[in-house]
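Notes to accompany the following structure.
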Amino acid sequence: MLIRLFTLASLLAATPGIAQDHDAMGHMDHGDMAAQMDQAPAPAPTPEPDRPHDGHGASSPSEPMHDMGAMEGPSAAISRMTAPSGVACPPSAPGEIVIDCNRVPAFSEASGTSRLPAMGGAMSGLHVMTGGWMLMAHGYAQLAYTDHKGPRGDDLIYSTSMLMLTGQRDTDWGRIQLRSMLSLEPTMAPRGYPNLFATGETADGKPIVDRQHPHDLFMELAGRLDVNIGSEASLFLYGGPVGEPALGPAAFIHRGSARYNPEPPITHHWFDSTHITYGVVTAGLATRTWQIEGSIFRGREPDEDRWDIETPSLDSWSVRLSWSPSPNWSAQLSHGFIKQPEALHPGENEKRTVASLHFSGGSGLSAMAAFSAKKRDPGDTLTAWLVEANYDLAAHHALFGRIENVANDELVPDHADPLHDKPFRITKAQAGYAWHTPIGSGPVELTLGGSINIYGKPQALDVLYGANPWGYTLFARLSLGR
């Protein structure tokens, strides 16, 4: 595992041209932006349209730069303001508002076509310009030790990883994106790693319970095309053999509110389990403030062979409305029909409704609150809620936490057990600390940290989990970009 961890980190650090652009184009939080806005010089009386500008990096006549706070490019919608002196600012990039000639993105794009607050709401990426294309990279490799106490608990040393590579080209009519995301998690055992009270997917033909399944090698292979229909709006088309439909919030590995959290939520299969879907087509209308979109996609969850690309299918659908009123806030409401998502429940469909609200501010706080209701068809409606946050303290230090509550009827897979198929409401509370520092002057960051979990559950589960199950996780992470 250590070999895989440091091999991936070495490959990430060796990406050509990335290190040179890190300082100029790295993620900028709200406080950094405010400082630049206060210190920015007044615009020249007769500015040239292609002159360098203050704010998120600098632009050149042939290769305009864009903020990469969320690994992806901004939307094609454009909003312009005029400097206080009355002199027009240089043309803004798609999806950016201009305040005193400083570019402030209205939102960040995250996984799939989801949105997050621009000010630190998503994990940042690094990029370099070449031949009219902006090449973006983000990734991490994490080595962790987790120990979950109780009769159903387990301990394990394991590694998780993700590498995201994206190419973007802006044109006078819109934007083209080519996107990929890969993981080495298929190298771990099919049952994945301990995560008490988590359920979802299968291993060796049996349901995975109290563990988190590995991600597939191919987490995304997709493209997006934006076509401007005015200075304030664009139409877009997204899709590919592996992607994410317009359902739920951004996946947990992309959220700023979970930036340093080493554990996936036990509510993953209520909120963002569709972030790896084999066969997706999404169309929508995007403005700086609003986005409305619809998807058709394959409802079945990934199978146990995590190295291949499964046969795409378009048998399910979803719709989502997103609202980005300012660079600090983003919200979404979505609903979807998922055809037979679970291999062990043939003929059982799911209707899922999800609402979420994200906040990210200049104080270093990034937070999300979300609610989900999934209706089994046939079956009951099972609800879940989640609140998570990441708080950056002084340099190198961060606190994070998550509280989630879910009604889960898959905790007892044994059909002979009288508790089988009964829904139990579980609460997990988690708190943690992370210390992070760049390695040298390059774009790689080292993070060391840990978290502790406690659980609330019905007394009927004491026979399976003990009276007071708890757990902890220690981790070391190398990240390309923060």
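The values are calculated or read from the model by the stated rules, or taken from the named source; none is laboratory data. This one's a predicted model, so the numbers in the text were calculated from it and none came from an experiment. Note that each Cβ is placed from the backbone with ideal geometry, even for glycine, and that neighbours are counted across all protein chains shown.
Can you say whether residue 314 is without any contact (Cβ under 8 Å) to a residue 60 or more places away in the chain and not in a strand (DSSP E or B), as far as the supplied structure shows?
So residue 314 passes the test.
Find the residue count for region 183-233, including only residues that are under 22 Å from the mean Cα position of the chain (by Cα) and acidic (Asp, Glu).
Qualifying residue count, region 183-233: 5.
Going by what's in this entry, would residue 118 be described as under 30 Å from residue 363 (Cβ atoms), buried (at least 24 other Cβ atoms within 10 Å of the Cβ) and among the aliphatic types (A, V, I, L, M)?
For residue 118, the condition - under 30 Å from residue 363 (Cβ atoms), buried (at least 24 other Cβ atoms within 10 Å of the Cβ) and among the aliphatic types (A, V, I, L, M) - is met.
Could you go through region 232-241 and let me know if any residue there is buried (at least 24 other Cβ atoms within 10 Å of the Cβ), more than 15 Å from residue 109 (Cβ to Cβ) and not small (Gly, Ala, Ser).
Taking every residue of region 232-241 in turn, none turns out to be buried (at least 24 other Cβ atoms within 10 Å of the Cβ), more than 15 Å from residue 109 (Cβ to Cβ) and not small (Gly, Ala, Ser).
Does residue 362 meet the test of being touching an Asp or Glu at 6+ places or on another chain (Cβ under 8 Å), over 27 Å from residue 239 (Cβ atoms), part of a loop (DSSP other than H, G, I, E, B) and not charged (D, E, K, R)?
Answer is yes for this residue.
Quick check on region 284-291. Is at least one of its residues at pLDDT 95 or above, of a type in the set (Gly, Ala, Ser) and closer than 17 Å to residue 109 by Cα?
Yes, that holds for at least one residue.
Consider residue 411 carefully, then state whether it is farther than 30 Å from residue 120 by Cβ and buried (at least 16 other Cβ atoms within 10 Å of the Cβ).
Considered against the rule, which asks whether it is farther than 30 Å from residue 120 by Cβ and buried (at least 16 other Cβ atoms within 10 Å of the Cβ), residue 411 comes out as yes.
Where in region 194-303 are the strands (runs of 3 or more DSSP E), entirely inside, with at least 1 residues that are under 21 Å from residue 158 (Cα atoms), in contact with a strand residue (DSSP E or B) (Cβ under 8 Å, 6 or more places away or on another chain) and touching a residue at least 60 places away in the same chain (Cβ under 8 Å)?
The strands (runs of 3 or more DSSP E) meeting that bar are 206-212, 218-228.
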